[in-house]
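Before any comments, here is the structure.
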Amino acid sequence: MEQKRLIGLGALFATLHQAGEASVPFLIGVIIDRAVGGGVGDLALWLGVLGAVYIGLSYSYRWGARTAERACELTAHNLRLRVTRRVLHDRGGAETGRLPGALVSIATSDTTRVGGVAVAVVYGFAALIAIIFTAVLLLAISIPLGLLVLLGLPPLLWLTRFIGNPLEERSEAEQEHAAQASGVAADLVEGLRVVKGLRAEEAAVARYRRRSQVALAATVRAARTEAAYQGVVLVVSGLFLGVIAVVGGILAARGSITVGQLISSVGLAQFLVGPLSTFGWLGADLAQGRASSRRIEAVLSAPVAVTGGDSTPVTPVRGQIDFRVRDVAVKIAPGETIGIVATDAAAATEILRLLGRSADPDDGLVELDGVTVAALEPDDLRAAVLAVDHHTDLFDGTIRSAVSLDRAEPATVEAAMAAADADEVVRTRPHGLDAVLDDGARSLSGGQRQRIALARALAADAPVLVLHDPTTAVDAVTEARIAARLREMREGRTTILVTTSPALLAITDRVVFLHDGTVRADGAHGDLAAGDETYRETVLA
């Protein structure tokens, strides 16, 4: 573990505290015997020892708890950073088969549970040492009592571990279903306006209710298992302590131990309630931590979506694209503005993924300036080729930071805002570009968010810009204005518009029409609209 030093230090302090706690009943028995058969000075000495033990165990507990919690928080924090880095890795792959909400659950709830293992280890180790120390003290009082504890402890620990297995399995299922419910909830909140627009609230609620009920059932099963686990541990521990108390009483009745030793034995038996009960919650925490660690490990060890490629693009980037995937072959000249119309939405999405290298083609290749993109390091490629998906996400912060991402120059930001017709959004805000967008900019309309997202893409000033339906949420007049300004701002740089918008296609140099997995036509938008009925139906429907 990354926090070995803190965990070791915490375990040391916690062990000193437990040793002090165990010493108290032993010393009380000694004091009683000294009071009965010794002098005042001897009694005062042992009372001083008892007072020193109390001071030591008090400070040990304080520093042990503080150190254990620090190890817990740092472990959880470091795991959250590792999960976040993996999710944001430029080669992708961690998100495959997982909803965004599920990833959030892993990065929060699961990392917290794994961090809690640090506390469990600290107190578990201290409890184990405390039991051994208690057994030594009992051996000093009576060999049978000490042996009873030493020989009874291993079976007790084995039983605790054995009955914790079902809890571990159900805890993992609980976390998995809870993550799925969180993912569905996040998707519904994100698409709330769409859901309301389609008047599909009841269907959305029913979908979440079904998933939530599954998660609730898994949580109840895990809670019942944990309750049963805690109950069994408590009963077994109680029986074990009862046997110790009975044996001590028998020895005292036979005169094998003194009155003080009897009191020490009973006190030590009562003290053992604490360490033994620790194993109850310790087993539960370790079981849940192991289940969560497997979920975290699944994310961290997820295979990357794209492998290989550590070269950098040829500089300066000219922007020549050669796209040859299966039966689709498209060549794009440097500085050309080209439209791509696909009757299959999946084909349009694939083009974005391949050009942005979030995936590599199974059959074919994509080249940038004569170099296959599979040979390029993904981060360097994306600095040259910016592929912007249709889905719009804006982060909290000001409009200026949302567009510039704290990198673009002010003049570039203003030009991009004007080209995307997003300056109209700024004019409606009291603080202009410094207006704050909170909660993912949900206070803005869909068209306003889309225009700001387009401005962000333009402000990046990438040599090659790929846009997927960037104006679907704006009206026709605004769309025409954006199209003209976009052409002007991107003059001389390669721009690929994957869209069916007539306004955007009208400003392209040419349009490539994809139908049934192949290039059906290639030409000017006006010519294709006039001469190809399928194309006309696709873009004018």
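The values are calculated or read from the model by the stated rules, or taken from the named source; none is laboratory data. Keep in mind it's a predicted model, so treat the numbers as computed, not measured. Reconstructed Cβ throughout: ideal geometry from the backbone, glycine too, with neighbour counts over all protein chains shown.
Taking first residues from the range 72-84 that are touching a residue at least 12 places away in the same chain (Cβ under 8 Å) and partners that are loosely packed, with under 15 Cβ neighbours inside 10 Å, the Cβ contacts under 6 Å between residues at least 6 apart in sequence or on separate chains come to 78/2.
Annotation: of all residues in the range 415-426 being at pLDDT 90 or above and small (Gly, Ala, Ser), the one that is surrounded by the most Cβ atoms within 10 Å (Cβ to Cβ) is 420. Among the residues of the range 272-292, the ones that are buried (at least 18 other Cβ atoms within 10 Å of the Cβ) and hydroxyl-bearing (Ser, Thr, Tyr) come to 2 in all.
Looking only at residues in the range 348-377 that are touching a His at 6+ places or on another chain (Cβ under 9 Å) and crowded, with 18+ Cβ neighbours inside 10 Å, the one that is farthest from residue 537 (Cα to Cα) is 352. A single entry from 215, 269, 252 fulfils the requirement of being in a helix (DSSP H, G or I), touching a His at 6+ places or on another chain (Cβ under 6 Å) and surrounded by 15 or more Cβ atoms within 10 Å (Cβ to Cβ): 215.
Yes or no: residue 516 charged (D, E, K, R), surrounded by fewer than 19 Cβ atoms within 10 Å (Cβ to Cβ), modelled with pLDDT under 95 and under 24 Å from residue 490 (Cβ atoms)? Criteria not met by residue 516.
Among the residues of the range 14-35 satisfying the criterion of being of a type outside the set (A, V, I, L, M) and either over 30 Å from residue 70 (Cα atoms) or in contact with a Leu (Cβ under 7 Å, 6 or more places away or on another chain) (or both), which is surrounded by the most Cβ atoms within 10 Å (Cβ to Cβ)? Among those that are of a type outside the set (A, V, I, L, M) and either over 30 Å from residue 70 (Cα atoms) or in contact with a Leu (Cβ under 7 Å, 6 or more places away or on another chain) (or both), it is 26. Considering 517, 523, the condition of being over 19 Å from residue 417 (Cβ atoms), in the same structural domain as residue 325 (by TED's automatic domain parsing) and over 42 Å from the mean Cα position of the chain (by Cα) is satisfied by 523 alone.
The set of residues in the range 370-423 that are over 23 Å from residue 480 (Cα atoms), among the small types (Gly, Ala, Ser) and not in a loop (DSSP other than H, G, I, E, B) comprises 374, 375, 383, 384, 397, 401, 402, 404, 411.
If I filter the range 385-397 for residues that are among the acidic types (Asp, Glu) and more than 30 Å from residue 537 (Cα to Cα), do I get at least one hit? Yes: one or more hits.
Scanning the range 77-100 for residues being modelled with pLDDT of 90 or more and surrounded by fewer than 20 Cβ atoms within 10 Å (Cβ to Cβ) gives a total of 7. Elements of the type helices (runs of 4 or more DSSP H) sitting completely within the range 427-507 and holding at least 3 residues that are surrounded by fewer than 18 Cβ atoms within 10 Å (Cβ to Cβ): these cover 476-489.
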